[in-house]
Structure formats: structure tokens, C-alpha cells
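Enquirer: Dropping a structure here in C-alpha cells format, bear with me for questions.
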Amino acid sequence: MKEEIRAFIYITAISNAIDFEGKANPRALLGRVIPKFPELKSDMNSLLSNINSIVDEVNNMSLDEQKKEFSKLGKDIIQTKTPKKEKDGLPNLANTQDGVVVRFPPAPSGYLHLGHLVGIVANYEFKKKYGGKFILRFEDTNPDNIKLENYQKVIDDVMWVCEGDVDEICYQSDRIDLYYKYLRELFEKKQCYVCNCTSEDFKKLTDAKEECPHRKLSFSEQKNLFEEFMKGEIEGVVRAKAEINNSNPALRSFALARINKTPHPRVGNKYKVWPNYNLAVTVDDYLMELTHVIRGKDLEIGELRQKYLAKSLGWEMPIYFHFGRLNFIDVELSKTKLSEKIEEGIFTGWDDPRVPSLISHRKRGYKPQAFRKLILKQGISKRDSKITKDEYYKALDFFNKEILEEESNRAFCVKDPVILEIENYEEIPFKTFEMLKHPNKEENGKRQFNVEKHYMIEQEDFDKLEEKDTFRLMHFANFEIITKTKDKMLVKYLSREYDKSMKLKSNIHFVSKNSEQIILILPNNTKVKALCEKLGNLKEDTSLQFERYAFVKFDRIEENKKVFYYTHR
């Protein structure tokens, strides 16, 4: 069993035991472990055996011993109760009287997706609530999984979610000399050492609570190794010299720096020694004066290591709050798997509407306020939750529709056109008519139409109407069907005003025969040609409502045709 998994089970068992008078319940632990490490479901027998073993160990302690152990490990790691949530969906945080300094720290290893939203929104909304500073900090100290193009894409996404309200952008790859400084300080304080063991051998020693042979070397011997390591002249890892007998395996030792000679996309071959996550995060969180670290529960164990390093350096660290995961039951969020499908041509790119990336939702016309409202409605808490794709989009579309209905002008669009001819066209007593661009905003102007002999209507509406039926062309006039063939309908003008007593069968939209051709990109990434009333020049990213169909967003001009993305109904 991996060290981080055993450590999590151990801490959780102690917390559960304290809640129930010294006796942890294995089944209660199972409900916490599986959501956090879903890959363990493939070997439930082994997992249950490990849980039972750890629970037996914990239950053999007295309640006082459990409380001491819990205090020793850090009581903030497992919170049995989430801080009280306010109406805004955010829990109250301590020590916010002077505002907060928070950060969102992505790795530029891929585009951001739906799984990143809670981290962005939580930190941004806390900053809005209490005032202060929101930092976008790129954790880019692993040259192996970085693409230069991803930096700006991540910036664009975060700026979009936060509507430009980001106070600072920084890059860990610009701060390597700082990490070296504090790595040396830890070494001089004899809090770390250079280790050349293989990962397999080192794990065996750590599990047995035995010291690595390199840890036993004299300081002068280690000094020589350290200097060679910092020059990149030897292979190895710098490890924290933590308490080897610590009951928590995660704190017996952990890596602080390693050698990686892969060229870095931003800084090239300037560095060979790269800090590990815990060292870089500890240094940055302190030097950037973070007041609160708001992040997912999967990083709870890292808090112990970061506090250990901070204590070794004599630093006070921020307040930590770890929120629960939103687990999608039927949405693939793995960057690796999504990248593979893009490379294989299954998806056309990260902006393919089938990809759950933020950029694809932006192109489709979703608004950042809708995502923030959804996440706050669900609440930022310690509790993990599960959701299906349908459930998620039902809620998201509700909040997005509230925004789009208010800002979107209306237009007519016909996807499967069938011709409609007005037999008594000459008898229509007016030659033009108009409609408001937005039903509640006269200031947005009006749509102008000419009365014509021929119009195009939807095939679906055409199929539902029969001879002698009366119907209305929306906002125009009432008609009766005279004859209907396979691909044409002949109608008679009846009247202009809407009249309930006429018992009209349908109220349908239409377009002129000489309307402009457009392209609709659907959620399954198929392209559909359609006819749309003439819209003139549109600004990129303009949202419209094609009446009786859906909200759409204008994306670009392609082959002299306007291209729209389907948003939702």
C-alpha cells in the first residue's frame, strides 16, 4: 500500500475513533477512502484487510493516546466538521480581519477543465468576500510535463473565470534560486540529506522505520555529496531528515529536490536541480505571505510535510482549508487520457465541444458567473460529492440561461428549410413589419422584415401541420393552409393580430428565402448548415437566442459564413 494512502487511512481512523469514544469503524473509513482513492476499488479485499489492520492499531490506543496522536499529526488535517457555511455558499474563515492572500497553483501540463473550477472559484470568491489578493502561481518545476503553449491558455482560463480580477501572476521556474537558498539552509540545519538509494530500497527501509545508509553519514561526508548534487554532478534525491519512528509514514522522510536534466520550456538548461512540490510550496506560501491555503482534500497529507519544513525554518504557515472533491460519475477529466484522444484524432482539440475543458465551454457560450453560481450553490465544504453529467449541466444551464436571457438578442434560424408560399400575398395590407431585438430591451433596437411571397420554415413544423390548419408566423401574421405537398406548403393570409379565438395550431418561426447561410456546431461537434435572418456584423463571442431553438454563440467567419456554437436550450 502506498505511503500516502496508509497515512490517510491512519489519520482518518484516529479522527473517527475520537468521534466515537476511542473506537474507529472500518466501514466508516471505507466511505472516506474510496472517494479519495477510487483506483482501490479494483482490489477491495486487500483494501479492507489494510483498513482493518490500521483500525486494530488505532483501537488498541487509549482515547487519550489517540487525542495526543491526533494533536501531534495536526488537528487541521482531518476536520470532522466543516466551518459554518453562510448564505453565499462559503464557510467562514478565521483571521480574515485584514483580508486574505490566496492562490490558485496550476501546473502548465495541459488545459484547465471542469475539475479545476472549484479550486479557482473557491480562492477567488474568498478573496472577493474578505478583500485582499488572489495570486495565479504556476507550479512548473517539473520540466517533463510542461508545454509552453499551456501557460497563456491557463492564464486566459483563470482570467475568464475571475473576470480579469487576478492580482498577480508568478512562475516557480523563475524562483529556483530562492528554493536553493532555503534548501541550503535546511541542509546547514541538518534537516535534510542526499540519498542515492533506489526508490524501492528506500521504501522498504522507511516502512521498517530504518534509516537510509546515506542518512547515517557524517555531516562533512554529506556536505561533499550535497555540493556535488547541487552542481548536478551526481544522481540522487535530497530528502527531509524527518523522524524515522514517526507513526505517520508520510513524515518519516520525503523528497525535497531531485536532478532533472530535461530542458525546461521557459528557462532551458539553466537548472539541473529542481525542487519537489513540498519545498517549493512551503517557500512560496511563506514568502508570498499567504494567509490561507484553500485546496482539495487530496493534498491534506502535504500539509503535514509543509508544516514540518516551515517549523524547521522557523516560519509560521497559513491557515489550511481542504475542500471535498466533486466526482463526476460519467465525465472523463484525466488530462493524460484527454490528450491521448486529441492526439489520436478522436477529438479535434481542447476546444472540441465534447472535451470538458474550460476553453470548450467558453467557445460554446457559457458564462463564468454561471460556473461560480453553480459551485457556490453546491457549497465549498469538506464533504465529497458525486454528480452525473446530466445533473451537472441541468444546474449549470439553469444559471447560464438566467444570464443569457437577459443579455442575448433574438433571431430566427431554420435548420431544415421547407418552402412556404403565401397565395394571397398581394392582399397583405402592410409591406414591412418589425420585432424587438430583445423582448425586454427596446433600447437594443428592432429587427426589420419585408413582407414576401415565400418564406422558409422548419421541416419539423411543416410535418406537424395539415391542410385547413390555421397557424401563425411569429410576430408577423395568421395563416390557413390551402394545400400541402411533400416539399411545399401553400397558405392564405388571414389577419395580422394574434387572436386566441382562432385556435391556431402552431406559432412558428421562419426566415426569408434570401436569408444568409450559417454553420451551427452542435455539442457532438457535428456541423449543420442553416438559414438565419440577416444579422449584419457581429462581434466575436456575441451570444444570441435563436427563437424556439437554443442559445448560441458567434465564433468566427468560415468560408464567408458565420459559425455559431450551440450553447443550450
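Nothing in this text is a laboratory measurement; each read-out follows from the coordinates by a stated rule. The structure displayed is predicted, hence computed values, not measured ones. So basically every Cβ, Gly included, is an ideal-geometry build from the backbone, and we count neighbours across all protein chains shown.
Enquirer: Sorted by average packing, counted as other Cβ atoms within 10 angstrom per residue and highest first, what order do 45-58, 470-483 take? Please report the intermediate quantities before stating the final value.
Expert: Working: 45-58: 16.3, 470-483: 18.4.
Final packing ranking: 470-483, 45-58.
Enquirer: If you don't mind, another one. Among the listed pairs Lys153/Lys539; Lys431/Lys492; Lys377/Lys553, give every one whose C-alpha distance is greater than 20 Å.
Expert: Lys153/Lys539; Lys377/Lys553
Enquirer: Another question about this same structure. Angle check, please: helix 117-130 long axis (alpha carbons) against the longest principal axis of the chain (alpha carbons), in degrees 0 to 90, nearest 10.
Expert: 80
Enquirer: Determine the alpha carbon to alpha carbon distance for each of Lys486/Lys513; Lys367/Lys527; Lys468/Lys562; Lys147/Lys307 and list only those over 29 Å.
Expert: Lys468/Lys562; Lys147/Lys307
Enquirer: Average projected area of the Cα convex hull of the chain, in nm²?
Expert: It is 33.2 nm².
Enquirer: Got a sec to turn the phi values of segment 331-343 into Karplus ³J(HN,Hα) couplings, 6.51 cos²θ - 1.76 cosθ + 1.60 with θ = phi - 60°, whole Hz, x for Gly and Pro?
Expert: Karplus-based 3J(HN,Hα) across segment 331-343 equals 10, 7, 10, 5, 4, 4, 5, 5, 4, 4, 5, 5, 5 Hz.
Enquirer: Stokes-Einstein at 10 °C, 1.306 mPa s, Kirkwood radius from Cα pairs: D for segment 324-457 in µm² s⁻¹?
Expert: On the way: Rh = 19.2 Å.
Answer from the Stokes-Einstein relation: 83 µm²/s.
Enquirer: What order do you get for 167-178, 302-313, 59-70 when each peptide is scored by the mean count of other beta carbon atoms within 10 Å, highest first?
Expert: Highest mean packing first, the order is 302-313, 167-178, 59-70.
Enquirer: While we're looking at this one, here's another question. Give, to the nearest whole percent, the P(r) tail of segment 388-507 beyond 23 angstrom, counting all Cα pairs.
Expert: Numbers: 3156 of 7140 pairs.
That tail contains 44 percent of the Cα-Cα pairs.
Enquirer: How far is the Cα center of segment 1-64 from the Cα center of segment 147-172, in Å?
Expert: Taking the Cα centre of each part, segment 1-64 and segment 147-172 sit 38 Å apart.
Enquirer: On to the next question. List, in the order given, every pair from Lys223/Lys272; Lys394/Lys441; Lys127/Lys373; Lys335/Lys389 whose Cα-Cα distance in the structure shown is over 21 Å.
Expert: Values: Lys223/Lys272 18 Å; Lys394/Lys441 27 Å; Lys127/Lys373 16 Å; Lys335/Lys389 18 Å.
Over 21 Å Cα-Cα: Lys394/Lys441.
Enquirer: A follow-up question, please. Taking the Cα centre of segment 100-325 as origin and charging only Cβ (+1 Lys, Arg; -1 Asp, Glu), how large is the dipole, in debye to the nearest 20?
Expert: Using Cβ point charges on Lys, Arg, Asp and Glu, segment 100-325 gives about 440 debye.
Enquirer: Also, quick follow-up: Only Lys, Arg, Asp and Glu count, each charged at its Cβ (+1, +1, -1, -1), so figure out the dipole size of segment 200-242 about its Cα centre, rounded to 20 debye.
Expert: 240
Enquirer: By the scheme Lys and Arg +1, Asp and Glu -1, what is the net charge of all other residues having a beta-carbon under 11 Å from that of Cys212?
Expert: Working: positive: Lys203, Lys204, Arg215, Lys216, Arg239, Lys241, Arg252; negative: Asp201, Glu210, Glu211.
Net charge in that neighbourhood comes out at +4.
Enquirer: Considering the dipole of segment 212-344 built from charges on the beta carbon (Lys and Arg +1, Asp and Glu -1) around the Cα centre, which of Ile319, Gly236, Ala280 is farthest to its positive end?
Expert: Of the listed residues, the answer is Gly236.
Enquirer: Treating the beta-carbon of each Lys and Arg as +1 and of each Asp and Glu as -1, no other charges, what is the dipole magnitude of segment 3-73 about its Cα centre, to the nearest 20 debye?
Expert: About 180 debye.
Enquirer: Aspartates and glutamates within cross-link reach of Lys505: Cα-Cα under 19 Å, excluding same-chain residues under 8 positions apart?
Expert: Output for Lys505: Glu421, Glu458, Glu460, Asp461, Asp463, Glu466, Glu467, Asp469, Glu480, Glu497, Glu547.
Enquirer: As a check on your grasp of the helix formula, calculate [θ] at 222 nm for the chain: sum -39500 (n - 2.57) over DSSP H runs of n ≥ 4, divide by the residue count, round to the nearest 500.
Expert: Mean residue ellipticity at 222 nm (helix-derived): -10500 deg cm²/dmol.
Enquirer: Compute the separation of the alpha-carbon centres of segment 239-273 and segment 328-392 and state it in Å as a whole number.
Expert: Segment 239-273 and segment 328-392 have Cα centres spaced 32 Å from each other.
Enquirer: Compute the relative contact order of the chain as a whole-number percentage, counting only Cα pairs closer than 8 Å that sit 6 or more residues apart in sequence.
Expert: Computed value for the chain: 11 percent relative contact order.
Enquirer: Ranked highest first by the average count of other Cβ atoms within 10 Å around their residues, in what order do 449-460, 114-125, 330-341 fall?
Expert: Answer by packing, highest mean first, reads 114-125, 449-460, 330-341.
Enquirer: Using only alpha carbon pairs under 8 Å that are at least six residues apart, calculate the relative contact order of segment 3-73 and give it in whole percent.
Expert: 43
Enquirer: Also: For segment 493-569 and segment 442-492, what is the separation of their Cα centres, given in Å?
Expert: A separation of 15 Å, based on Cα centres.
Enquirer: Specify which residue in the list Pro417, Ser49, His113 is farthest towards the positive end of the charge dipole of the chain, using unit charges on the beta carbon of Lys, Arg (+1) and Asp, Glu (-1), about the Cα centre.
Expert: Working it through, the farthest residue towards the positive pole turns out to be Ser49.
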